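Below is one structure, written out as structure tokens; comments come after it.
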Ligand SMILES: [Zn+2]
């Protein structure tokens with residue numbers, strides 16, 4: 001039997017998994033999995049929880065689909081380009097957003 005130590009990639013603390021599992025994210029460049037402790041994951045989810053997403057369109061010679069995201073803490077990111085194909089929403093350029101946000105925005109059109 002081996003013991004796995006979880007080390008938070010944000011604060012460096014060693015932590016034990018809580019009941020709900022362990023948050024992680026992938027390093028943007030190496031794609032390595034980085035674990036995040038409960039304290040940092042709470043801070044993270046508080047910051048990045050999507051409260052509302054409003055879709056719109058803009059005609060710039062062709063129709064561009066956009067989404068404006070409002071976060072739980074009131075921050076707003078306006079006019080992120082997205083596609084709406086076969087009933088699915090996909091962000092066109094999601095490199096500026098954490099995976100956690102992308103997962104809350106992409107998916108079936110409601
Ligand atoms: Zn941490």
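The values are calculated or read from the model by the stated rules, or taken from the named source; none is laboratory data. None of these values were measured; they are calculated from a predicted model. Virtual Cβ from ideal backbone geometry, glycine too; neighbours counted across all protein chains shown.
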Check your understanding: When the residues of segment 1-52 are filtered to those that are assigned to a loop (DSSP other than H, G, I, E, B) and surrounded by 14 or more Cβ atoms within 10 Å (Cβ to Cβ), which remaining residue is modelled with the lowest pLDDT?
Key -> 22
Review point. Out of (1) within 14 Å of the ligand (Cβ to nearest atom); (2) within 20 Å of residue 109 (Cβ to Cβ), what's the single condition that is false for residue 79?
Key: (1)
Study note, to complete from the structure: Reported set for segment 37-59 where residues are farther than 18 Å from residue 105 by Cβ and within 14 Å of the chain's Cα centre (by Cα) is 41, 42, 43
Check your understanding: What number of residues in segment 84-110 are out of contact with any helix residue (DSSP H, G or I) (no Cβ under 7 Å at 6 or more places or on another chain) and either at pLDDT below 90 or exposed (fewer than 13 other Cβ atoms within 10 Å of the Cβ) (or both)?
Key -> 16
Point to revise | The one condition in (1) away from the ligand (no atom under 12 Å from the Cβ); (2) surrounded by 11 or more Cβ atoms within 10 Å (Cβ to Cβ); (3) not in a loop (DSSP other than H, G, I, E, B) that residue 57 fails to fulfil | key: (2)
Revision key, fill the gap. With criteria (1) in contact with a strand residue (DSSP E or B) (Cβ under 7 Å, 6 or more places away or on another chain); (2) within 16 Å of the ligand (Cβ to nearest atom), residue 11 comes up short on (1)
